[in-house]
Each structure stands twice: as structure tokens, then as C-alpha cells.
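I have placed the structure first, in the form of C-alpha cells, so that the comments after it can refer back to it.
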Amino acid sequence: MIHAVTPQLLVAKWKRADLAERAACQEHFIDLCRMLGHPTPVEADPTGEWFTFERGVEKAEGGNGWADVWKRNFFGWEYKGKHKDLRAAYRQLQLYRESLDDPPLLVVCDIDRIEIHRSQSV
């Protein structure tokens with residue numbers, strides 16, 4: 001059953017939550033989508049071609065990684081656990097930027113905070 005999410009419900013739910021990044025990030029993002037009236041990645045793009053969780057990437061400095069959420073031509077999104085270093089998340093996204101088709105926004109979140117950065121190439 002899908003429930004409407006208000007800003008008050010979102011804050012109350014996630015203030016109590018004490019989960020690791022992996023356990024929290026997708027549900028948190030889905031709650032944000034519900035609150036904003038936006039389709040979730042699976043609702044909007046069931047094949048994951050242009051909007052998906054866990055987008056595989058090649059890092060600019062070599063190696064592979066995973067962007068937590070990606071929407072082509074919109075954003076790359078990286079989560080970290082509560083009270084973690086969002087600068088590290090931003091640096092991580094910068095390494096993924098080219099492999100994510102150079103989205104205009106790079107978003108980092110630790111459940112309590114969301115920071116939105118313009119991509120350097122914008």
C-alpha cells in the first residue's frame with residue numbers, strides 16, 4: 001500500500017531511523033519521491049535505462065563504482081550514513097560524473113541533510 005508522505009511524516013520517520021546507508025538510501029529516496037509527487041525510479045523507468053538505483057559507473061581515475069540514484073540529464077545522487085562526510089560523497093560523485101552522462105546536478109545526502117551541487121561542466 002502506498003501512503004502519502006508529508007514533510008512532517010518524512011522528518012519524523014527519518015529522525016528516528018538509525019540505519020546504515022545501504023539499509024536506508026532507497027527507501028529514503030522513495031519517500032522523497034512520494035512527498036514531491038514524483039514517480040520513483042521503477043515507476044518511471046522499469047528498465048532502469050535512464051532513472052535507476054545503483055547505476056554502475058566507471059570512475060574517472062579508474063575502477064568501478066555505483067551511483068546510489070541516477071536520472072539521465074538531471075542528477076547523480078550519492079548517499080552516506082547519518083552524520084557522515086558529505087564532501088567525500090561529493091568527491092565520489094565527481095569521479096562518476098562522466099560515466100553518468102555528465103548530469104547537471106550532483107546531489108549528496110546523509111538522510112538528515114541534502115546538498116545540491118551544480119556539475120562543474122554546467
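Derivation of every value follows stated rules applied to the coordinates shown; laboratory data play no part. Keep in mind the model is a prediction, meaning the values are calculated, not measured. Heads up, the Cβs are rebuilt from the backbone with ideal geometry, glycines too, and the neighbour counts pull from every protein chain shown.
Between helix 86-96 and the chain there is an angle of about 50 degrees, using the helix long axis and the longest principal axis of the Cα atoms.
Rounded to the nearest Hz, the phi-derived 3J(HN,Hα) couplings of the stretch 112-119 under the Karplus curve 6.51 cos²θ - 1.76 cosθ + 1.60 (θ = phi - 60°) are 7, 10, 10, 10, 10, 10, 6, 4, where x marks glycine and proline. Note on the chain: antiparallel DSSP beta bridges, both residues inside, total approximately 75 percent of the bridges counted. Here the dipole of the stretch 7-118 is about 420 debye; that uses its Cα centre as origin and unit charges on the Cβ of Lys and Arg (positive) and Asp and Glu (negative). Dividing the mean sequence gap of close Cα pairs (under 8 Å, 6+ apart) by how many residues the chain holds gives a relative contact order of 20 percent. When shorter helices are ignored and each DSSP H run of at least 4 residues is given -39500 (n - 2.57), the per-residue value for the chain at 222 nm works out to -10000 deg cm²/dmol. Over all projection directions, the Cα-based convex hull of the chain averages an area of 7.6 nm².
Taking the fewest neighbouring Cβ atoms within 10 Å as the starting point, the ordered list for VAL107, VAL5, VAL11 is VAL11, VAL5, VAL107.
Look at LYS15, LYS59 and count the other Cβ atoms within 10 Å of each Cβ; fewest to most, that gives LYS15, LYS59.
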